[in-house]
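Report on the following structure.
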Amino acid sequence: MFMCRCVMEDVCLHKSNIKAVFKLLADLVLSDKRYRLIIKTWKDKRSIDQNSLSHMWYDDIAKQANRRSKEDVYTLESVKADFKKMFLGYQEVEHKNVITGEITTTQELVKTSELDVGEMHFYLQQIETWSYNNGFELRIPRDSEYQKLKNKQAE
């Protein structure tokens, strides 16, 4: 009996790898299992630059909020969670218990690492707008990917 231990996640289908993808699909079909195949247009994941900028902003906002409140209660992590709740929301995530095999579903905040470049840019725009409307100052490095995309949109 054929055993396929393949787990196919996030494969970029392109003319340069079509033979390898067909081979993988053929191997999966031979396993006699059923698979869900979802094909959608490839979009690059959010960049390290975008992630770094968001963390800089979370920290900036936490520090400014602490100064305003005269307390030290806001942290980078708490601000990050607040913005994710406000702008990204929750997603259902299945967990399988390694001991019992029981599958449970929980609600978890959407992870920015799962956003593509465009979605992350929109998320950053939402944070920037919220910050401006609420009197928080954000640093936007001139050479940041975010600023470059903003400049490109303005052209």
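Derivation of every value follows stated rules applied to the coordinates shown; laboratory data play no part. All values reported here derive from a predicted model rather than from experimental measurement. Counting neighbours? That spans all protein chains shown, and the Cβs are built from the backbone with ideal geometry, glycine included.
Summary of values
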{"item": "Overall form of the stretch 110-149 per C-alpha gyration tensor (a/c, 1.5; a/b vs b/c)", "result": "oblate"}
{"item": "Listed residues Leu30, Gln50, His121: farthest to the positive end of the dipole of the chain (Cβ charges)", "result": "Leu30"}
{"item": "In nm, spacing of pseudo-spin labels at Asn151 and Asn17 (7 Å Cα→C-beta vector)", "result": "3.2"}
{"item": "Entries in Lys33/Lys111; Lys23/Lys111; Lys111/Lys148; Lys23/Lys45; Lys15/Lys111; Lys63/Lys111 that, when Cα-Cα distance is taken, lie over 28 Å", "result": "Lys33/Lys111; Lys23/Lys111; Lys15/Lys111"}
{"item": "The chain, relative contact order [Cα under 8 Å, separation at least 6], %", "result": "23"}
{"item": "FRET E, pair Val93, Ile39, Förster distance 25 Å, beta-carbon r, rounded to 0.05", "result": "0.65"}
{"item": "Burial ordering of Ile18, Ile127, Ile38, fewest other beta-carbon atoms within 10 Å first", "result": "Ile38, Ile18, Ile127"}
{"item": "About the Cα centre, charge dipole magnitude for the chain (Lys/Arg +1, Asp/Glu -1 at Cβ), debye", "result": "440"}
{"item": "DSSP-assigned coil residues among GluC sites (Glu not before Pro) in the stretch 66-154, each with at most 13 further Cβ atoms within 10 Å", "result": "Glu71, Glu102, Glu137"}
{"item": "28 Å tail of the calculated P(r), the chain, as % of Cα pairs", "result": "44"}
{"item": "Estimated inter-spin distance, Val110 and Ala26, nm [label 7 Å along Cα→Cβ]", "result": "3.9"}
